[in-house]
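Peer 1: Got a structure for you, written out below as structure tokens; questions coming shortly.
The values are calculated or read from the model by the stated rules, or taken from the named source; none is laboratory data. Nothing here was measured: the structure is a model prediction, and the numbers come from that model. For neighbour counting, all protein chains shown are included, and Cβ atoms are generated from backbone atoms with ideal geometry for every residue, glycine included. We work out accessible area using only protein heavy atoms, side chains counted, and drop any ligands, DNA or RNA first. Shrake-Rupley method; radii C 1.70, N 1.55, O 1.52, S 1.80 Å.
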Amino acid sequence: MNSVLHAEEDPIPLSALQHAVYCLRQAALIHIEKLWAENHFTAEGDVLHAVADKGGTRKTRGARRVLSLPLASRRLNLTGVADLVEFYPTPQGEVSYPVEYKRGKPKLHRADEVQLCAQALCLEEMTGIAVPEGALFYAQTKRRVVVPFDDTLRALTEHVAAELSAVFDARKTPAPTTHKSRCRACSLIELCRPETFARPVRKWRDRMLDLVLGTE
Amino acid sequence: MKKLLNTVYVTTEGSALKKDGENLVADVDGAERARVPLHMLASVVAFGPILISPALIGACAERGITISLMDRAGRFQARIEGPVTGNVLLRRAQYKAADQAEDIVRSIVMGKIANQRAVIRRALRDYGTEMEVPARTELEHAADRMAAILRRVQLADDTIDRLRGSEGEAANLYFGVFDHLIRSPDAELRWTCRSRRPPLDAMNALLSFLYTLLTHDCRSACETAGLDPAVGFLHRDRPGRPSLALDLMEELRAPLADRLALSLVNRRQIRAGDFRHMDSGAVLLSDEGRRTVLTAWQERKKEERQHPFLQEKAPFGLVPWLQAQMLARHLRGDIDAYPPWFWT
């Protein structure tokens, strides 16, 4: 029943999940309010992805490597493109292994892992074969970080997808994250204005008027 | 802080604007006169017969640089704009709010009257002692009555029409004493009353021209914030009228345009000779006068002030954009009202 309902809704882009882990409001500003989308993605759409975006299939070390693979999950109403998926032959069939390219280095929050895990959930639904792990490749450290898709990460990913779904349905932009350090590092801070959120403007307006009329 | 991008004003008749690589280039009689990188540009305003190449139009549309075409007198003719920005949810919220706009209008009217009054108060503070007694008394009286109107606007549970009435009442008081703010001995620069379309004296011509520039900036600010410039709150919808841009402008007219007009005249940078008198009685700025005003306007936009609500420094030129953003955040439900920009 759910899938029928979802079919009529716009699917959630896989890339929105990482924004949602970082800050649900950031995800809403980018994906619902379409704020500064071009600039944001320009900064983000790095040279790395330009390479991955070429697409195509190659074979190395016994694995099929597929670049820019379209993915979707009807159950979670997700859609997107994986940078790279490697397929390894096993007696049970080909096991997929998603690899996501990231600028910078591994982070303290789990945004990148959630995005990768969401790709795994899509692959499992599409191929019918379990995806036990994948990897994040960080440009700055030039290392692959192996990410096992354990129950905790799967539960977190499903939770974030559900939260994001609710925000998309409500079409309402939620409050800023309570992690102040994330605001400081956020490229959308000027458009988000977290410090003004829920500030009582009417009271401020009255105070300003008292000030303007009182200093004479 | 968001970068204050430049506006290129082209006033030389027969100029040709074209794209050269990532630059806008202005040619006059086949010789290059100016070159500006496109990434530094927010908009282009062309006065009178100026050629603009299709390649430049395309590049501007793609980068969100708006091109406004004015006639020789500085009246708006047309505007070339890229795809609509922003999202439909914000616009829907704007349209919905327009049907129940009392509190937004209250903010706008409060900001406008407070800032007009601030212009009067500043004049009294700066040279009140040098004034003739009747003039000073009249200014003080106007400021007091405007204070009373402000309190009424703040406290009364008014309809939009009554708020509009208060705005008009304050404007009459303000323009009623505006002449006392002019310190130039030039008889031709004296003020009588507001006239427009066409302006009938020099000061009105000067104000009208500055308002045109401000409207252009406010309209761009609406577009950038994803708002529909045609759907206003204080200004009623009228086809072809940028009502929301005019709304945003109300708070800024006195401190940005009126104050600048007074400075230009009081410092004698603009004199009676900078105006052209038409046979119909209409008065327009001369080409030379217009250049002086445009230079001063560009400088004015770079001046920094503390934003009263955001509590951070911002150049005047970004204030329309910040106010449009605050309005958008209010419409999206972030804050309980639209915070006016008080000039302090």
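Peer 1: Mind checking the full-extension length gain between B:Arg190 and B:Glu62? Use 0.36 nm per residue of separation minus the Cα-Cα distance, one decimal, nm.
Peer 2: Fully extending the segment from B:Arg190 to B:Glu62 adds 41.5 nm.
Peer 1: Along Cα→Cβ, 7 Å out, is where each label goes; now give me the distance between the ones at B:Ile80 and B:Glu22 in nm to one decimal.
Peer 2: 2.1 nm
Peer 1: Then there's this: How big is the accessible area of A:Arg103 in square angstrom, nearest 10, if you roll a 1.4 angstrom probe over the protein chains?
Peer 2: Roll a 1.4 Å probe over it and A:Arg103 shows about 120 Å².
Peer 1: Multiply the residue gap between B:Tyr127 and B:Thr344 by 0.36 nm, knock off their C-alpha separation, and tell me the result in nm, one decimal place.
Peer 2: Result: 76.3 nm gained on full extension.
Peer 1: Could you name the aspartates and glutamates in cross-link range of A:Lys105, using Cα to Cα under 13 Å and dropping any fewer than eight places away on the same chain?
Peer 2: A:Glu113
Peer 1: Using amide H atoms built 1.01 Å from N in the peptide plane, name the residues 5+ places from B:Val10, or on other chains, whose amide H lies under 5 Å from its own.
Peer 2: The list, which skips near neighbours in sequence, is B:Val45, B:Ala46, B:Phe47.
Peer 1: Which value results for Rg/Rh of segment B:66-150 when Rg is the Cα radius of gyration and Rh the Kirkwood radius based on the inverse mean 1/r?
Peer 2: My calculation of the ratio gives 1.20.
Peer 1: Moving on to the next point. With a cut-off of at most 12 other beta carbons within 10 Å, and DSSP calling the residue loop, which GluC sites (Glu not before Pro) in segment B:104-147 qualify? Please list them. Can you show the working numbers first?
Peer 2: On the way: sites: B:Glu130, B:Glu132, B:Glu138, B:Glu140; in loops: B:Glu132.
Here the GluC sites (Glu not before Pro) that fit, given the DSSP loop and packing criteria, are B:Glu132.
Peer 1: If you roll a 1.4 Å probe over the heavy atoms of the protein chains, what accessible area per residue do you get for segment B:6-80, in Å²?
Peer 2: 47 Å²
Peer 1: Now for a different question. Report the paramagnetic label zone for B:Glu140: residues of segment B:156-200 whose backbone N is under 17 Å from a point 7 Å from Cα along the Cα-to-Cβ axis.
Peer 2: The answer is B:177, B:180-181, whose backbone nitrogens lie closer than 17 Å to the label point.
Peer 1: For B:Met40 and A:Gln92, what does the FRET efficiency come to when R0 = 51 Å and r is the distance between their Cβ atoms, rounded to the nearest 0.05?
Peer 2: Efficiency, rounded to the nearest 0.05: 0.30.
Peer 1: OK, next. Would you kindly calculate the mean projected area, averaged across all directions, of the convex hull enclosing the Cα atoms of the protein assembly as shown, in square nanometres? The partial results should precede the final answer.
Peer 2: Working: hull surface 124.6 nm².
Answer in nm², one decimal: 31.1.
Peer 1: Note down the net charge around A:Ala111, summing +1 for each Lys or Arg and -1 for each Asp or Glu among other residues with Cβ under 12 Å from its Cβ.
Peer 2: Neighbourhood net charge equals +1.
Peer 1: Past 22 Å, Cα to Cα, is the threshold; run A:Lys34/B:Lys96; A:Lys34/B:Lys313; A:Lys107/A:Lys142; A:Lys34/B:Lys112; A:Lys172/B:Lys313 against it and keep the listed order.
Peer 2: Flagged as over cut-off: A:Lys34/B:Lys313; A:Lys34/B:Lys112; A:Lys172/B:Lys313.
Peer 1: Kirkwood hydrodynamic radius (Cα pairs, Å) of segment B:255-344?
Peer 2: Answer for segment B:255-344: a Kirkwood hydrodynamic radius of 15.4 Å.
Peer 1: First select every other residue whose beta carbon is under 15 angstrom from the beta carbon of B:Met131; then total the charges, Lys and Arg +1, Asp and Glu -1.
Peer 2: In short, -1.
Peer 1: Apply the a/c threshold of 1.5 to the C-alpha gyration tensor of chain B and tell me whether it is rounded, prolate or oblate. Show your work: numbers first, answer last.
Peer 2: Numbers: a/c = 1.89, a/b = 1.15, b/c = 1.64.
Note, shape of chain B comes out oblate.
Peer 1: Another question, if that's okay. By the scheme Lys and Arg +1, Asp and Glu -1, what is the net charge of all other residues having a beta-carbon under 10 Å from that of B:Leu56? Please report the intermediate quantities before stating the final value.
Peer 2: Values: positive: B:Lys18, B:Lys19; negative: B:Asp20.
Charge balance in the 10 Å sphere: +1.
Peer 1: Continuing with this model, one more query. Which residue fluctuates the most in chain B, going by a Gaussian network model with Cα springs under 10 Å, if the choices are B:Ala101, B:Ala202, B:Ala254?
Peer 2: With Cα springs under 10 Å in chain B, the top fluctuation among B:Ala101, B:Ala202, B:Ala254 is at B:Ala101.
Peer 1: Now for a different question. Buried accessible area between B and A (1.4 Å probe, both chains summed, ligands and nucleic acids excluded), in Å² to the nearest 100?
Peer 2: Values: alone 15900 and 12920 Å², together 25810 Å².
Looking at B and A, the buried total is near 3000 Å².
Peer 1: With bins 5 Å wide starting at 0, give me the P(r) of segment A:65-153 over every alpha carbon pair, in whole percents.
Peer 2: Histogram of Cα-Cα distances, whole percents per bin: 3, 14, 26, 27, 18, 9, 3, 0.
Peer 1: List the aspartates and glutamates whose Cα lies under 13 Å from the Cα of B:Lys301, skipping any in the same chain that are fewer than 8 positions away.
Peer 2: B:Asp217
Peer 1: Okay, moving on. Can you tell me the FRET efficiency between A:Ser187 and B:Glu303 if r is taken as the Cβ-Cβ distance and R0 is 30 Å, rounded to the nearest 0.05? Walk me through the numbers on the way to the answer.
Peer 2: Working: r = 27 Å, r/R0 = 0.91.
Given R0 = 30 Å and the Cβ-Cβ separation, E is 0.65.
Peer 1: Oh, and also: Please report, as a whole percent, how much of the solvent-accessible surface of segment B:102-211 comes from carbon and sulfur atoms (probe radius 1.4 Å).
Peer 2: Values: 2380 of 4790 Å².
Looking at segment B:102-211 in its full context, I get 50 percent from C and S.
Peer 1: Can you give the percent of C-alpha pairs in segment A:174-216 whose distance is more than 15 Å?
Peer 2: 55 percent
Peer 1: A further question on this structure: If you average 1/r over every pair of different alpha-carbon atoms in segment B:6-80 and take one over that average, what Kirkwood value in Å do you get?
Peer 2: 12.1 Å
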